[in-house]
Amino acid sequence: MALALGWLSALVAGVFSAHVLQKLCFPYFWRDFFFLLRVIRYGVKLELFKLTSSVCTVLERFIQQAQRIPNKPFVIYDGRIHTYRDIEQRSNRLANVFLEKLNVRKGDCVALLMGNEPDFLCVWFGLAKVGCSIAFLNTNIKSKSLLHCFNCCGAKTLIVGSELVDCLDGILTSLLEDNIQVWAMKSQSEHTQVNTLLDKVDAASDRPVPAALRATTSLKSPTLYIFTSGTTGLPKAAVITHLQSLKAAAGFWAFGATEDDVVYIPLPLYHSAASLIGIGGTIELGATCVLKKKFSASQFWNDCRKHDVTIFQYIGELCRYLCNQPKTDVDKVHKVQMGVGNGLRQDVWREFQSRFGNIKMCEVYGSTEGNLCFMNHIGKIGTVGRSNFFYRLLFKYDLVKYDMEKDETVTDENGFCQRVQRGETGLLLSKVSAFSPFFGYAGSKQLTEKKLMRNVFAKGDAYFNTGDLMAEDQDGFICFRDRVGDTFRWKGENVATTEVTETLGLVDFIQEVNVYGVEIPGHEGRAGMAAMIVRPGFTFDGKKLFEHVKRDLPTYAHPLFIRLQEIMETTSTFKQQKFQLVQSGFNPSTISDPLYVLDYQQKNYIPLTDSIYQSILAGERKL
């Protein structure tokens, strides 16, 4: 008896000691373990698809949910409820119209230019049901960029939302000359060459089209093309396969969401965050989403209370906008438990949780076309993801030394990259393999190859270059530091400096221009700034520049500041120098060059005075 008690005491003491040791040395062990278990479990399901050659796509999952829970609200939009059956039947009608009237066939690519509305989903699903791949067009892009998108993905049909038909003015002739048929979500059209869809949908059957049309045997088959700015100027069509869309759809589930959750989606559906993670995640769970036409800071919390929202999607700027709203007595009166998104600054994160309650903010890191994803399932403030020994076994990535001034990686005597130490900042590279493939961009092997780095650590290896500087601390938490190359982020959008440069170069008084992003205290990302040389014999014309920028660039890409220079600094290989320009910012008291600021009220670029500069720093001037 005494021996048994001794063994029992030793066992209890051992378990207790192990528990204390785990808490002290491995505080996140169990949370990491169970999260990774979910990731592996989902990964095994995807591997089984490969073995059985029968892929249950996101569309297939939606059809299953429509059969399982037909009367459950799927989308709540503008106060109206659309059930799973509603969206299923309307997408069937559209699928029949696509087959009978548009003559699209399995394997075709169709471009979709629509804002946030339930019919975006119905058109998306209807096209997928007939076996088409769909190109989601950014509703901000215009003229030259829009035409370029068709060349990228090979689309010969465009479906445009009723409110966006006017966006085609000026390029409709070019589209028709390229034999692209244009269909509008309208019953009548003022444009004789624009076909109408709604009148045909009303008369169409809601019977399902043959399942064989949507069936696929490969996870690597393209299903979507989502356009990303990247660093080459004009938009690039990132190839989204069934594998990528299924992985994204598991995001909410991996964070612990269930079918009882209500998801708030205020982001544009042409972005992968809203479509792949938001809509795909809602479908995977069999949950309900509240879809907004566009984000409204003043309506956000009232919407959440009205619809019992439990999860919302965000980008960093969105949370800052909410924090800037006037405080109320009901700021913490809501059912929101989780936010899923990216780009949340530490100061905004703390203020957001302090004001609106201890909402778990789950940062997700990953580009649309990338082959790596980090998920901050712990919710630690200021980090974009979490890694550990087991994660590194599954997902091969490295942080390598990067010289910001030279804009290149640091290599050793053999020409190989050098890994940084824990805690140091480095360029994030993700190994390309059968387990983590990189599908690249449609229509250009050159653009795809440009995102790869080869012979990184050994001859013959290949890594996806994220273009992001990151740091990983001693506990395995990963922090975002900065972006490199010719891209900066503003208003939640990637801005390609070369696209802005090309557009500004068309102005008659500009001889040379160098576009970059500058930090503004209290704002997420970087604001656009352009250093330029005025052509001899001309003078700077702020009104003309404003009109040009307003007409040809999306709002988020408008340069907010202009710096006039006599000489443009370049490298030995004649690349424009940006580093010193970025470092010097836009302070008129420290910069001798003439500075101008964009003024929407005066519709002009006006001189940037010290008082205007101070009002920008104080957050008094709207940007």
Which condition breaks for Leu164 when tested against (1) surrounded by fewer than 20 Cβ atoms within 10 Å (Cβ to Cβ); (2) out of contact with any strand residue (DSSP E or B) (no Cβ under 6 Å at 6 or more places or on another chain)?
-> (2)
Condition met for Thr503 (at pLDDT below 90, of a type in the set (Ser, Thr, Tyr) and either in a helix (DSSP H, G or I) or under 18 Å from Gly426 (Cβ atoms) (or both)) = yes
Check the range 599-607 and report whether any residue there is under 20 Å from Phe488 (Cα atoms) and touching a residue at least 24 places away in the same chain (Cβ under 8 Å).
-> no
Just one listed residue, out of Gln474, Gln446, is free of Cβ contacts under 8 Å to residues at least 40 places away in the same chain and open to solvent by 50 Å² or more (accessible area, probe 1.4 Å), and it is Gln446
Considering each of Ile240, Ile283, Ile279 in turn, give the residue that is open to solvent by less than 40 Å² (accessible area, probe 1.4 Å) and touching a Ser or Thr at 6+ places or on another chain (Cβ under 8 Å).
-> Ile240
Among residues belonging to the range 116-138 that are modelled with pLDDT of 95 or more and assigned to a loop (DSSP other than H, G, I, E, B), point out the one that is most open to solvent (accessible area, probe 1.4 Å).
-> Glu117
Cβ-Cβ below 9 Å, separation at least six or inter-chain, first residue in the range 40-59 and in a helix (DSSP H, G or I), second charged (D, E, K, R) and surrounded by 16 or more Cβ atoms within 10 Å (Cβ to Cβ): which pairs?
-> Tyr42/Lys247; Gly43/Lys247; Leu46/Lys247; Val58/Glu284; Leu59/Lys129; Leu59/Arg214
Could you give every pair whose Cβ atoms fall below 6 Å, whose first residue belongs to the range 87-111 and is open to solvent by 10 Å² or more (accessible area, probe 1.4 Å), and whose second residue is among the charged types (D, E, K, R), counting only separations of at least 6 or pairs across chains?
-> Gln89/Asp206; Arg93/Asp206; Lys101/Lys200
Residue ID - most open to solvent (accessible area, probe 1.4 Å), chosen from residues in the range 608-623 that are assigned to a helix (DSSP H, G or I) and in contact (Cβ under 8 Å) with a residue 60 or more places away in the chain = Leu617
Evaluate the range 474-488: report whether one residue or more is outside any strand (DSSP E or B), under 28 Å from Asn371 (Cα atoms), within 22 Å of the chain's Cα centre (by Cα) and of a type outside the set (Val, Ile, Thr).
-> yes
With respect to Lys293, is the statement that it is more than 17 Å from Ile359 (Cα to Cα), among the charged types (D, E, K, R) and surrounded by fewer than 20 Cβ atoms within 10 Å (Cβ to Cβ) true?
-> yes
Looking only at the range 383-427, which residues are among the basic types (Lys, Arg), part of a loop (DSSP other than H, G, I, E, B) and loosely packed, with under 14 Cβ neighbours inside 10 Å?
-> Lys406, Arg422
Checked the range 146-198 for anything in a helix (DSSP H, G or I) and either among the aromatic types (Phe, Trp, Tyr) or free of Cβ contacts under 8 Å to residues at least 12 places away in the same chain (or both); matches are Phe150, Asp166, Thr173, Glu177
Return the residue satisfying two criteria in turn: it lies in the range 330-349 and is under 20 Å from the mean Cα position of the chain (by Cα) and β-branched (Val, Ile, Thr), and of such residues it is nearest to Met375 (Cα to Cα).
-> Val340
Residue check, Lys578 in contact with a helix residue (DSSP H, G or I) (Cβ under 6 Å, 6 or more places away or on another chain), in contact (Cβ under 8 Å) with a residue 40 or more places away in the chain and of a type in the set (Lys, Arg) = no
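The values are calculated or read from the model by the stated rules, or taken from the named source; none is laboratory data. Nothing here was measured: the structure is a model prediction, and the numbers come from that model. Please note: Cβ atoms are built from the backbone with ideal geometry, for glycine as well, and neighbour counts cover all protein chains shown. Just the protein is used for accessible areas: all its heavy atoms, side chains included, with ligands, DNA and RNA removed. Shrake-Rupley method; radii C 1.70, N 1.55, O 1.52, S 1.80 Å.
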